[in-house]
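Scroll down for the structure; my scribbles are underneath it.
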Amino acid sequence: MNLDLQDLSGTFSVTDIVCAMALTFVLSTMIGYVYRFTHRNVSYSQSYVQTLVIVGMIVALIMLVVGSNLARAFSLVGALSVVRFRNAIKETRDVGFIFLVMGIGMAAGARFYTLAAIAGVGICLIIIVMHKFNWFHLDVQRQVVKVQVPAGEDHTGAISDVLIRYTSEFELVSTETIRGGALTEVFYTVRLKKGTEPGELVSALQERTFGQRVTVLTGYDQTDL
């Protein structure tokens, strides 16, 4: 029995299919575990990690189908161009992991097994090293200050006076009306002076805004009065 699939997908055998798909699965799974291990924020998604494995294997399959046939390659590009993804990527590094599994799938699907294995393991080791030693970390702690003031009055000067006193730097981010235009909500990013507590800033701002609500977000902590 001849197991060569030359009539449909170019010159590759069942062994090529098994090797490409199995290697892609192993490497994509490894990448998924590296992603989970190095993830720091609260936006972790199990579905996303499972998708990494699926995407890697699909790309390997596509590379097997395309082979060296240019006509088939252009046909697949046209077919895949109708696909639209509407899910927003939460973090920039997530895009990097998507490209990583795609690259691994392309290499394995093109039967560059050694390249896929070495590149996959090597890049994962680099990611782990960057995570462990916290490369490119910028130790600048900023807070978000949200101040509500009565609409129709300019409280910018009073708020700025307080921010100058309690912060080393600040920047106006946005201004919007809420509660049907009865209040104006102003957002600032600030950097508190050394030794200044968020509660002190909140109290000082409330004195200038007639007791309206003031919120200071510091990392995952929130001071709200």
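The values are calculated or read from the model by the stated rules, or taken from the named source; none is laboratory data. What you are looking at is a predicted structure, and each value in this text was computed from that prediction instead of being measured. Don't worry about glycine lacking a Cβ; one is built from the backbone with ideal geometry, like all the others, and counts go over all protein chains shown. For accessibility, only protein heavy atoms count, side chains too; no ligands or nucleic acids. Shrake-Rupley method; radii C 1.70, N 1.55, O 1.52, S 1.80 Å.
Being in a helix (DSSP H, G or I) and open to solvent by less than 50 Å² (accessible area, probe 1.4 Å) is the filter here, so list the residues in segment 170-216 that pass it. Passing the criteria: G181, P198, G199, L201, V202, A204, L205, Q206.
Restricted to segment 128-151, and to residues that are assigned to a loop (DSSP other than H, G, I, E, B) and either under 24 Å from G199 (Cα atoms) or aromatic (F, W, Y) (or both), which residue is most open to solvent (accessible area, probe 1.4 Å)? Filtering segment 128-151 for residues that are assigned to a loop (DSSP other than H, G, I, E, B) and either under 24 Å from G199 (Cα atoms) or aromatic (F, W, Y) (or both), the one most open to solvent (accessible area, probe 1.4 Å) comes out as F136. Between R84, R111, the distinction of being open to solvent by 80 Å² or more (accessible area, probe 1.4 Å), part of a loop (DSSP other than H, G, I, E, B), modelled with pLDDT of 80 or more and of a type outside the set (F, W, Y) belongs to R111 only. Only residues that are open to solvent by 40 Å² or more (accessible area, probe 1.4 Å) and part of a helix (DSSP H, G or I) were counted in segment 37-47, giving 3. Being in contact with a His (Cβ under 7 Å, 6 or more places away or on another chain) and farther than 30 Å from F37 by Cβ holds for only one residue in V149, V145, V214, and it is V149.
Quick one: is L125 within 30 Å of L61 (Cα to Cα), surrounded by fewer than 15 Cβ atoms within 10 Å (Cβ to Cβ) and within 32 Å of the chain's Cα centre (by Cα)? Judged against the criteria, L125 is a match. Using the structure shown, decide if G157 is at pLDDT below 85 and either open to solvent by less than 90 Å² (accessible area, probe 1.4 Å) or of a type in the set (S, T, N, Q) (or both). Taking the combined requirement at face value, the residue satisfies it.
Does segment 152-169 hold any residues that are out of contact with any helix residue (DSSP H, G or I) (no Cβ under 6 Å at 6 or more places or on another chain) and either within 28 Å of R36 (Cβ to Cβ) or outside any loop (DSSP other than H, G, I, E, B) (or both), and which are they? If the condition is that a residue be out of contact with any helix residue (DSSP H, G or I) (no Cβ under 6 Å at 6 or more places or on another chain) and either within 28 Å of R36 (Cβ to Cβ) or outside any loop (DSSP other than H, G, I, E, B) (or both), then T156, G157, I159, S160, D161, L163, I164, R165, T167, S168, E169 are the ones that fit.
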